[in-house]
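Down below is the structure, laid out as structure tokens.
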Amino acid sequence: MGLTIATVWAALAAFYAVKRYACSPLQFECREEFWRRFEDFILLQWLDAWQTLTSGVLALAAAAVGAWFLSKQIGLADRHETDRIARGHASARAALSFNLDYLWRHEESVAAWLREQLTHISLGTLTSAPPCLDQQMVASLERMIANSSKLEVEPYAELISLLQVQSARLHGHWAGSLSGEPPGLAELLDRCYDAIEAAARINALFPYARFSAGADCPRTPERSDITNARSTIGFREHQVSPHTTAGLNARIDRRWPTA
């Protein structure tokens, strides 16, 4: 490429020298003048008359080279960031199954606590404090969000939101009970549904956390997950009163209508 440009440049120099002096280098009387002009061309003497243009061309060339190096640097930084996220995602996913198992047991404890409160609702007060949520386990889900793609963060974000709201409401009910304002039946049934949905969302993440075949990304729960979680954490019909069963059925049908 460089040789081609130099050849074209030399040809143009010869042409304009011939044009300017109306003679040919083959003619003896013009040969000395031609080679003097060609020597000026080779030695870049012509730059004296084109300093401004030459400076502009060189500035553009320098800018192009700088842009190329900057692009390479940005690309390298992007690759490093992608590698960092991939390593962080692998690390967080490896611990996800353990964290989900804890959260599942927590929802079982919440369900057992709620069944106890429903049994003693006639007392007009809560019998004990609700189970406490370990915030370190919530932080593990937040690490999954920080190291996941945009398409994968929704299941974790929804579960974190539900767990935090659930914990705040349960302890709000306990504080209200201590001050003489215990929750009513409808509020306890809402907390039962919260526990069912949280358990369903946790269970839906287990295949991905355990690297199960076909689980290429985390998923959100379906109605079948809700009904399965209801039975698994202790809200089967024989475990609660008919009124509680009817209340849970109504809440599930309202939030997860059948097709």
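Would you be able to tell me the number of residues in the stretch 202-233 that are outside any helix (DSSP H, G or I) and open to solvent by less than 30 Å² (accessible area, probe 1.4 Å)?
Result for the stretch 202-233: 4.
How many residues does the stretch 70-126 contain that are among the hydroxyl-bearing types (Ser, Thr, Tyr), over 15 Å from Leu141 (Cα atoms), out of contact with any Ser or Thr (no Cβ under 6 Å at 6 or more places or on another chain) and at pLDDT 85 or above?
Of the residues in the stretch 70-126, the ones among the hydroxyl-bearing types (Ser, Thr, Tyr) are 71, 82, 91, 97, 102, 109, 119, 122, 125.
If we keep only those that are over 15 Å from Leu141 (Cα atoms) too, we end up with 71, 82, 109, 119, 122, 125.
Filter once more, keeping what is out of contact with any Ser or Thr (no Cβ under 6 Å at 6 or more places or on another chain): 71, 82, 109, 119, 122.
Cutting the leftovers down to at pLDDT 85 or above gives us 71, 109, 119.
Final tally of qualifying residues: 3.
Residue by residue through the stretch 234-259, note down the ones that are aliphatic (A, V, I, L, M) and either over 20 Å from Glu107 (Cα atoms) or open to solvent by 10 Å² or more (accessible area, probe 1.4 Å) (or both). Don't jump to the end; show me each part of the working.
Applying the first criterion (aliphatic (A, V, I, L, M)) to the stretch 234-259 yields 240, 246, 248, 250, 252, 259.
Within the stretch 234-259, Val240, Ala246, Ala250, Ala259 qualify.
Do the conditions hold for Thr244, that is, is it β-branched (Val, Ile, Thr) and closer than 15 Å to Asp190 by Cα?
Values: β-branched (Val, Ile, Thr): yes; closer than 15 Å to Asp190 by Cα: yes.
So Thr244 fits the description; yes.
Can you tell me which residue is farthest from Ala10 (Cα to Cα) among those in the stretch 40-65 that are surrounded by 10 or more Cβ atoms within 10 Å (Cβ to Cβ), modelled with pLDDT under 75 and of a type outside the set (A, V, I, L, M, F, W, C)?
Thr54
Can you spot a residue in the stretch 175-198 that is in a helix (DSSP H, G or I), among the basic types (Lys, Arg), open to solvent by 70 Å² or more (accessible area, probe 1.4 Å) and at negative phi?
Taking the stretch 175-198 first, the residues in a helix (DSSP H, G or I) are 175-178, 185-198.
Right, trim to among the basic types (Lys, Arg) and you get 191.
After this cut, where a residue has to be open to solvent by 70 Å² or more (accessible area, probe 1.4 Å) as well, the list is none.
No: zero hits.
Of everything in the stretch 185-212, what is among the charged types (D, E, K, R) and over 20 Å from Ser140 (Cβ atoms)? Give them in sequence order. Spell out how you get there, then give the answer.
Our first condition is that a residue be among the charged types (D, E, K, R); within the stretch 185-212, this holds for 187, 190-191, 194, 197, 201, 210.
Within the stretch 185-212, Glu187, Asp190, Arg191, Asp194 qualify.
State yes or no: is Glu108 part of a helix (DSSP H, G or I), out of contact with any Asp or Glu (no Cβ under 9 Å at 6 or more places or on another chain), open to solvent by 60 Å² or more (accessible area, probe 1.4 Å) and in contact (Cβ under 8 Å) with a residue 40 or more places away in the chain? Break it down stepwise before answering.
Working: part of a helix (DSSP H, G or I): yes; out of contact with any Asp or Glu (no Cβ under 9 Å at 6 or more places or on another chain): yes; open to solvent by 60 Å² or more (accessible area, probe 1.4 Å): yes; in contact (Cβ under 8 Å) with a residue 40 or more places away in the chain: yes.
Taking the combined requirement at face value, the residue satisfies it.
Of the residues Glu142, Glu154, only one is of a type in the set (Asp, Glu), open to solvent by 60 Å² or more (accessible area, probe 1.4 Å) and farther than 16 Å from Ala90 by Cα; which?
Glu154
Any chance you could count how many residues in the stretch 153-207 are over 16 Å from Ala111 (Cβ atoms) and polar (S, T, N, Q)?
So the answer is 4.
The values are calculated or read from the model by the stated rules, or taken from the named source; none is laboratory data. No experiment lies behind these values; they were computed from the predicted model shown. All Cβ positions, even for glycine, are placed from backbone atoms using ideal geometry, and neighbour counts span all protein chains on display. Heavy atoms of the whole protein, side chains included, go into the accessibility calculation; ligands, DNA and RNA do not. Shrake-Rupley method; radii C 1.70, N 1.55, O 1.52, S 1.80 Å.
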